[in-house]
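Some notes on the structure that comes next.
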Amino acid sequence: MMLPAVISGFALGAVAPWVVRAVGARAHWLLAVLPAVLFVYFAGFLPGVAEGQVYRFATEWVPGLGVTLSFYVDGLALLFALLISGIGTFIVIYTGGYLHGHEQIGRFYVYLLSFMASMLGVVLADNAITLFVFWELTSLTSFLLIGFNHEESRSRRAAVQALIVTGGGGLALLAGLLLMGAVGGTLEISELMTQPEVLHGSPLYTAMVILVLAGAFSKSAQFPLHFWLPNAMEAPTPVSAYLHSSTMVKAGVYLVARMSPGLGGSELWFYALVIFGAVTMLTGALLALRQTDLKLVLAYTTVAGLGTLVMLIGLSAPLGYKAAAVFLITHALYKGCLFMSAGAVDHETGTRNPLELGGLRGAMPITFAAAALAGLSMSGIVPFIGFIGKEVMYEATLHLGPVGGVVLTIATIAGNALTIVAAGVVVLRPFFGERRKTPKHPHEAPVELYLGPCVLAGLGLLAGIAYPLTQDSLTAPMMGSMAGTMPDHRAAELYLWHGLKLPLFLSLLTLGLGIAGYVYWDRIRESLAATLRAIGWGPDLGYDQVIAGVEWLSFRQVRVQQTGYLRHYLIVTFTVFAAFVVWTLMTVGGGPSAFEMPAVRLTEWVALGLMVMGAGAATLVYSRIAAIAAIGVVGYAVALIFVMFSAPDLAFTQFMVETLTVVILVLVLMRVPLEVRAFRGLGARIRDAVISIAVGVVFTLVLMGVVQGDLDLRLSEYFAETSVPVAHGHNIVNVILVDFRALDTLGEIFVVTVAGLSTFALVRLALFKRKGGAGEGGGA
Amino acid sequence: MNSVILHTATRLLMSLILMFSVYIMFRGHNEPGGGFIGGLIAASAIVLYSAAFGATWARQALRVPSMSIAGCGLFFAAISGVFSAFAGSPFLTGLWWIPHLNIEVHLALSTPLLFDIGVYLVVIGAIVTIALEMEEAED
């Protein structure tokens with residue numbers, strides 16, 4: 001059941017455009033059934049997983065390489081799967097309202113549902129390669145979703161940027177996973193995670209950690225690779241709400257959590273996670289405050305949230321894991337809700353600039369209510385899940401010890417306070433204050449747009465009030481997955497009231513700082529903007545510089561390698577070939593030891609004579625047409641030799657190839673202007689003669705060496721014996737081509753097709769350029 | 001080329017060569033021949049036609065874009081390998097179906113045959129594309 005559940009999104013996505021066409025404007029209600037059913041299916045695992053059970057499903061995929069299509073359900077995977085399918089349901093519905101009437105909405109569902117399936121694959125995969133494949137699929141589908149408005153150059157840039165950053169990280173991840181597989185002797189992550197001592201003891205441990213973290217950090221937008229996430233806000237809002245707040249960007253967090261039992265516990269792991277996480281948290285939260293676009297404010301607080309999660313996982317068992325689990329739920333619920341309500345505000349007013357918005361609570365009461373609840377959870381107010389999240393977070397940071405604990409606690413307070421300011425910007429600004437004039441006259445959003453926010457915000461409240469349920473069914477099993485063993489009840493305990501202790505006072509302090517920050521937000525924003533202007537450089541610009549540098553380098557490299565002169569390529573190819581073969585013959589051996597004149601019949605002498613004459617003529621004549629004809633003679637003579645040695649198939653093909661080659665070459669050469677420069681001087685002729693004689697001599701030596709050795713006839717005999725009984729064919733050559741070695745032939749005809757296509761493109765491009773190109777709108 | 005002899009001869013030869021190419025392709029499994037050679041022969045027929053009447057008329061005679069022929073061929077070749085999946089064997093395993101017809105002739109249908117037809121079409125499509133593009137490149 002698990003495999004169909006995971007890939008059902010791809011299947012539905014593939015037919016989504018037809019569903020939209022058939023059902024019309026209400027297709028989203030139908031399409032949302034799938035994620036909803038998946039949610040129910042995954043929810044069925046909850047009771048078992050709450051008791052510490054794990055489920056594994058495996059199907060053979062590429063058994064030769066140890067790749068199985070295996071899935072693994074434990075607390076961590078289940079929580080993510082529930083978030084993906086649950087939020088996915090509302091996102092599909094939301095899309096129906098948000099992109100209502102958009103002509104490419106069918107295409108959007110293809111991407112969105114494929115993304116959902118890929119993401120489910122990532123969090124449920126047990127085999128490392130399976131995980132990697134789905135991981136890359138999320139990068140690809142995210143690329144398509146960010147670039148959905150592909151007519152805008154900003155969207156295209158953001159899409160390519162996200163693909164390069166996350167795809168590059170994916171390559172690092174692949175290397176890391178393969179290293180782990182090689183050291184641990186298995187590619188099943190669940191097995192690898194049970195042998196931390198093997199992984200830690202390996203000299204490759206450092207490399208593994210760095211590579212895996214590079215993959216995770218790039219996906220989860222950790223500083224200094226955070227820049228792609230805010231840029232990805234170019235995507236339509238459903239994408240931002242789904243991929244870039246609650247699911248895809250958390251894939252990195254998921255990976256870190258998944259790898260914790262095996263790779264965690266070392267100083268390297270601890271410092272990497274805590275330092276990168278804390279820096280990301282502060283950077284994201286600070287940058288959020290200088291934005292004047294609701295989506296960008298939310299995007300930067302997402303960066304901050306991801307940093308917080310990574311830091312908390314780094315703090316490890318049991319307090320760090322508990323805080324991470326609670327904050328993961330908190331963040332997914334409020335961030336998904338706020339993105340969707342920001343989108344609803346944008347949809348109804350025509351602007352996302354908080355400075356231009358105000359007083360919408362009267363016009364959009366339901367959206368306001370949902371956003372307000374989410375904002376309260378984001379600010380960590382009793383009794384929302386956000387409050388519990390903040391309490392356990394402080395507990396975790398305080399637990400660290402005198403120096404680190406104080407530093408990290410202060411950083412966390414700062415990060416949380418800044419997040420509260422951001423919550424104010426997103427929730428208070430648009431809905432309170434006096435009504436301002438907006439591009440569109442606002443009304444309450446359609447039900448599609450507020451259903452998701454309402455449910456998510458309500459769940460944020462419910463998860464806080466019913467905290468024992470949250471603890472038993474969600475956070476405790478997830479802690480168990482990260483730690484490797486189920487936590488006891490005390491370690492996993494959540495609470496709303498814990499007495500007058502330090503975390504409570506810190507929460508109050510955070511709230512006070514946040515309120516003060518919101519009051520002075522205008523001043524903070526302007527000074528932040530001024531500071532950033534003064535610095536004048538950021539990772540986003542750095543990305544452009546790196547790309548420009550790579551382009552410059554490849555341009556230089558190509559200029560050296562690709563001169564555009566065929567003769568240069570031939571000189572290099574043949575010289576290198578001759579040198580390497582001579583070197584091999586001298587060091588390894590295999591050259592001829594004795595020469596024995598074979599018996600050559602008269603007919604063979606004739607063919608040989610034709611060949612030599614053709615070759616000689618080709619080098620001596622000045623006319624190109626004559627040279628081609630002379631080369632053709634060589635080819636036909638070779639075909640004759642094939643006939644004499646009873647290889648009719650080869651001869652047949654050789655005749656045809658030779659004929660067509662001559663025709664095509666003549667066609668080409670008739671177009672090439674015969675400049676005087678094209679003729680070679682004496683020096684060039686001597687050089688070419690030396691090279692060609694050298695290649696000829698080398699080839700002769702190799703052939704003579706080959707002829708001396710014993711011919712291994714095992715394959716030929718096998719083909720001769722099995723051709724008729726197995727493949728029903730008497731012509732061995734053809735049977736080999738279409739049956740025994742059909743895969744090779746498939747590859748070859750691929751090459752043939754590509755050659756045809758390339759010629760087509762090259763000639764057409766040249767024609768296009770010559771005609772001035774601009775006439776057809778664009779220019780090359 | 002404006003030659004009556006060439007024009008007349010081409011019209012006659014063209015159909016003969018094309019039929020011959022199909023024959024060569026089909027007999028390839030047991031006698032010298034096969035999709036690759038057959039494709040080359042058929043391509044040479046079309047190249048001959050374009051030499052006689054020009055690339056524009058050759059395209060007209062083809063009716064479909066030459067690259068589409070190659071694309072079709074690639075599709076046939078690839079799809080012929082998928083059938084074996086239903087029989088539970090690896091990609092491109094040859095499957096044979098020899099129906100018992102009450103006539104003298106043996107009819108053997110197989111996925112390698114479909115594969116060979118694919119090769120035939122790819123070779124025609126690609127070679128004809130290259131030749132026609134080159135011929136037209138002057139204008």
*Which value at 222 nm does chain A reach when only helices count, each DSSP H run of 4 or more adding -39,500 (n - 2.57), with the total divided by all residues and rounded to the nearest 500 deg cm²/dmol?*
-24000 deg cm²/dmol
*What longest range of chain A stays clear of loop-exposed trypsin sites (Lys or Arg not before Pro) (DSSP non-H/G/I/E/B, at most 12 other C-beta within 10 angstrom)?*
A:27-436
_I'd like the accessible area for A:D744, computed on protein heavy atoms only with a 1.4 Å probe and all protein chains in place. Round to 10 Å², please._
80
*What net charge do the residues around A:S114 carry, taking every other residue with its C-beta under 14 Å from that of A:S114, with Lys and Arg at +1 and Asp and Glu at -1?*
0
*asked:* Relative contact order for segment A:265-519: what percent, with Cα pairs under 8 Å and sequence separation of 6 or more?
replied: 27
*For chain B, find the longest principal axis of its Cα atoms and tell me its angle to the long axis of helix B:66-86, 0 to 90°, nearest 10.*
0
*Counting only protein chains, not ligands or nucleic acids, how are A:I91, B:I5, A:I275 ordered by accessible area (probe 1.4 Å), most first?*
B:I5, A:I275, A:I91
*asked:* At a threshold of 8 angstrom on Cα-Cα distance, excluding pairs fewer than six apart, so keeping six or more, what relative contact order does segment A:47-124 reach in percent?
replied: 29
*asked:* Nothing charged except the Cβ atoms of Lys and Arg (+1) and of Asp and Glu (-1): what's the magnitude of the dipole of segment A:265-519 about its Cα centre? Round to the nearest 20 debye.
replied: 540
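Using a cut-off of 14 Å between beta-carbons, work out the net charge of the residues near A:A162 (Lys and Arg +1, Asp and Glu -1, A:A162 not included).
Details: positive: A:R154, A:R156, A:R157, A:K219; negative: A:E136, A:E234, A:D540.
Net charge in that neighbourhood comes out at +1.
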*trypsin sites (Lys or Arg not before Pro) lying in DSSP loop within segment B:11-98, provided at most 14 other Cβ fall within 10 Å*: B:R63
*asked:* How large a share of the accessible area of the protein assembly as shown, in percent, is made up of carbon and sulfur atoms when the probe is 1.4 Å and the other protein chains stay in place?
replied: 70
*Measure of size requested: the Rg and Dmax of chain A, with Cα atoms as the atom set and Å as the unit; please supply both.*
33.7, 110
*For segment B:4-136, with every protein chain kept in place, what is the accessible area per residue (1.4 Å probe, Å²)?*
49
*Please give the total accessible area that chains B and A bury against each other, computed with a 1.4 Å probe and expressed in Å² to the nearest 100.*
3600
*So which chymotrypsin sites (Phe, Trp or Tyr not before Pro) in segment A:485-566 are both in a DSSP loop and have at most 14 other Cβ atoms within 10 Å of their Cβ?*
A:Y495, A:W497, A:Y520, A:W537, A:Y565
*Pop out the Kirkwood hydrodynamic radius of segment A:560-718 from its pairwise C-alpha distances, inverse of mean 1/r, in Å to one decimal.*
18.5
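What FRET efficiency would be calculated for the residue pair A:F505, A:E267, taking the C-beta separation as r and a Förster radius of 22 Å, to the nearest 0.05?
0.10
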_Size of electric dipole in segment B:12-139: Cβ of Lys, Arg +1 and of Asp, Glu -1, about Cα centre, debye, nearest 20_ = 340
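To the nearest 0.05, how large is the calculated FRET efficiency for A:A755 and A:L469 if R₀ is 60 Å and r is the Cβ-Cβ distance?
0.40
Relative contact order of chain A, please, whole-number percent, based on alpha carbon pairs below 8 angstrom and at least 6 residues apart.
Across chain A, relative contact order equals 10 percent.
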*Between A:G683, A:V406, A:G614, whose Cα lies farthest towards the positive end of the dipole of chain A when Lys and Arg beta carbons carry +1 and Asp and Glu beta carbons carry -1, centred on the Cα centre?*
A:G683
*Where a Cα-Cα gap under 25 Å defines reach, which lysines qualify for A:K437, not counting those fewer than 8 residues away within the same chain?*
A:K295
_List the pairs from A:K250/A:K335; A:K335/A:K501; A:K219/A:K322 whose alpha-carbon separation is above 19 Å, in the order I gave them._
A:K335/A:K501; A:K219/A:K322
*Counting pairs of Cα atoms in segment A:276-345, how many percent are more than 16 Å apart?*
50
_Loop by DSSP (not H, G, I, E, B), at most 15 other beta-carbon atoms within 10 Å: where is the longest site-free stretch of chain A for GluC sites (Glu not before Pro)?_
A:153-433
*Per residue in segment B:3-39, which ones lose no less than 50 Å² of accessible surface when going from chain alone to all protein chains (1.4 Å probe)?*
B:H29, B:N30, B:P32, B:I37
*Using a 1.4 angstrom probe and counting only protein chains, how large is the accessible area of A:I189 in Å², to 10?*
0
*Hey, what angle do you get for helix A:648-671 against the long axis of chain A, alpha-carbon based, 0 to 90 degrees rounded to 10?*
80
*asked:* For segment A:23-84 and segment A:380-423, what is the centre-to-centre distance using only Cα atoms, to the nearest Å?
replied: 32
*Unit charges on C-beta of K, R, D, E only; dipole of the protein assembly as shown, Debye*: 2520
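Could you compute the longest span of chain B free of GluC sites (Glu not before Pro) located in DSSP loops and having at most 12 other Cβ atoms within 10 Å, not counting the site residues?
Here the longest run is B:1-103.
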*Whenever you get a sec, line up B:I41, B:I98 from highest to lowest accessible area (probe 1.4 Å, protein heavy atoms).*
B:I98, B:I41
_For segment A:585-627, which chymotrypsin sites (Phe, Trp or Tyr not before Pro) pass both filters: DSSP loop (anything but H, G, I, E, B) and at most 12 other C-beta atoms within 10 Å?_
A:F595, A:Y622
_Area accessible to solvent at A:S153, 1.4 Å probe radius, in Å²_ = 80
*Roughly how many nanometres apart are two label points built 7 Å out from the Cα toward the Cβ at A:L743 and A:D522?*
7.0
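The values are calculated or read from the model by the stated rules, or taken from the named source; none is laboratory data. The structure displayed is predicted, hence computed values, not measured ones. Glycine gets a Cβ as well: all are built from the backbone with ideal geometry, and neighbour counts include every protein chain shown. Quick note on the areas: whole protein, heavy atoms, side chains included, nothing else; ligands and nucleic acids left out. Shrake-Rupley method; radii C 1.70, N 1.55, O 1.52, S 1.80 Å.
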